[in-house]
Protein chains: 2
Amino acid sequence: MTYTYKYPHPAVTTDIVIFTVREGALNVLLIKRGGDPYVGSWALPGGFVRIDESLDECAKRELAEETGLSDVYLEQLYSFGEPQRDPRERVISVAYYTLTPSENRELKAGTDATEAEWHPVSKLPALAFDHSDIIELAQKRLAAKMEYSTIGLQFMPEEFTLSQLQVVYEQAIGRELDKRNFRKWILSLDLIEETGKKFSKGAHRPAMLYRIIKPGQVEIIR
Amino acid sequence: MTYTYKYPHPAVTTDIVIFTVREGALNVLLIKRGGDPYVGSWALPGGFVRIDESLDECAKRELAEETGLSDVYLEQLYSFGEPQRDPRERVISVAYYTLTPSENRELKAGTDATEAEWHPVSKLPALAFDHSDIIELAQKRLAAKMEYSTIGLQFMPEEFTLSQLQVVYEQAIGRELDKRNFRKWILSLDLIEETGKKFSKGAHRPAMLYRIIKPGQVEIIR
């Protein structure tokens, strides 16, 4: 079966940038490509838009197929359309992104992906296509969103310490924050409360575990 | 000549939302469609991406061809890809937007557009496709950008009064601002200075004309 048009048509894909904070560092979800071009290279999960699905649906489907992740809120980031960005044909990619907790998330590679893994953003492998540009823009957008905003809370597990929360903010914004000012700010919002439980790790003093008071009131990233 | 593919391909367009403030109201630039579908309807300027041009190039070219406007800095807004948004075939549109001064801008309809005109956003005619959704999102993005930001200055003519500047901010943000607070804020930034000249209109007291001290220092919308 072939499809014929009077004018040349580009192909359209979605590519998905999923950030998480793991072991104190900002990570991004990459897949290993199972097919040409760039077979064996690391890349963002993503793929071609089906003729009858919306862009959002395509991003969710490709993410689930290639990494096993579902139920992730994705925000559209930007469309990348330089004419030579794909060696096969003209491909325009609509990029999506989000930040998500990585706990309790089992990764499972599938379809065009032979592996799916978190990689620290600070030491990424060589990536296929212009995917490092896409990650760079996503990181900038994430930093701008987090600054002076409570959206960081939605990326936390059910219980967390203030230090863990601060690490998520620092990693997403890309710079260190003053501990006292950060705690004062986040507690002044009346969005989180003590659980009464403590968390201890290694030689550190046990730290209070917090939870979100009304999860519905925390801003969604948009 | 025809073009054949193994999988169905969407067409890709760019659509461009140009805002301006005219006679104290936010306006958007519309063209009257010269061809099917929606012939004779008002719509955003825009058109199909050529196979060898970037998305940015397409947006600039279509804007110039259909409205005569060039030298406009365009920012990518969002890609609209609902499968049924165009009656002809699957068309994904990458939307761009900006706010620009309308003075000294001569409009000149061309190619697929039989007219090009500014329309107040508060009373738009019925629009082709999902173009009213595109304008609505562009207006939200514009409001978010202007709030607490100096980008409003780049949309002013060479000389302007503080009242004219406040109107631009109020129209873009979509609500009234306190006159004293606005003036205090904008003057505290040391970005504008008095020209020494005054502007008078009708029965109003002549108002001081201001200019930007160092135009290069004013933020570009992004």
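The values are calculated or read from the model by the stated rules, or taken from the named source; none is laboratory data. As the structure is a computational prediction, the values presented were derived from the model and not from experiment. Using ideal geometry, Cβ is built from the backbone for each residue, glycine included, and neighbour counts are taken over all protein chains shown. The accessibility values were calculated without ligands, DNA or RNA, using every heavy atom of the protein model including side chains. Shrake-Rupley method; radii C 1.70, N 1.55, O 1.52, S 1.80 Å.
General remarks:
- Pairs from B:Lys145/B:Lys214; A:Lys60/A:Lys140; B:Lys32/B:Lys123; A:Lys184/A:Lys214; B:Lys108/B:Lys198 whose Cα-Cα separation, in the structure shown, is over 27 Å: B:Lys108/B:Lys198
- Each Cα pair under 8 Å and six or more residues apart adds its separation to the average, and for chain A the resulting relative contact order is 21 percent.
- Calculated label separations, A:Asp56, copies of the chain, 7 Å along the beta-carbon direction, nm: 2.9
- √(5λ) per eigenvalue of the Cα gyration tensor, chain B, largest first, Å: 37, 17, 16
- Full extension of the chain segment joining B:Lys184 with B:Lys197 gains 2.6 nm, where the gain is 0.36 nm per residue of separation less the Cα-Cα distance.
- Heavy-atom surface analysis with a 1.4 Å probe gives region A:11-127 a carbon and sulfur content of 44 percent of its accessible area.
- Sorted largest first, extent of the protein assembly as shown alpha carbons per principal axis (Å): 75, 63, 34
- Legend: residues in region A:36-65 shielded by at least 40 square angstrom of accessible surface upon adding the remaining protein chains to the isolated chain (1.4 Å probe, heavy atoms) are A:Ile51, A:Ser54, A:Leu55.
- D (Stokes-Einstein, µm²/s), Kirkwood Cα radius, region A:11-127, 0.692 mPa s at 37 °C: 228
- Gaussian network model of chain A, springs between alpha carbon atoms under 10 Å - residue of A:Tyr73, A:Tyr97, A:Tyr169 with greatest fluctuation: A:Tyr73
- Chain B, rotation onto A, residue closest to that axis via Cβ, with its distance in Å: B:His9, 2
- Inter-copy separations for A:Glu147, label at 7 Å along Cα-Cβ, nm, ascending: 1.6
- Those lysines that a straight Cα-Cα span of less than 23 Å connects to A:Lys201, excepting residues fewer than 8 apart in one chain: A:Lys179
- Residue ranking by accessible heavy-atom surface, 1.4 Å probe, largest first, among B:Leu191, A:Leu107, A:Leu30 comes out as A:Leu107, B:Leu191, A:Leu30.
- Between identical copies, the spacing of A:Arg183 label points, each set 7 Å from Cα toward the C-beta atom, reads 4.5 nm from nearest to farthest.
- Other-chain or far-sequence residues with amide H under 5 Å of B:Thr195's (modelled H): B:Leu209, B:Tyr210, B:Arg211
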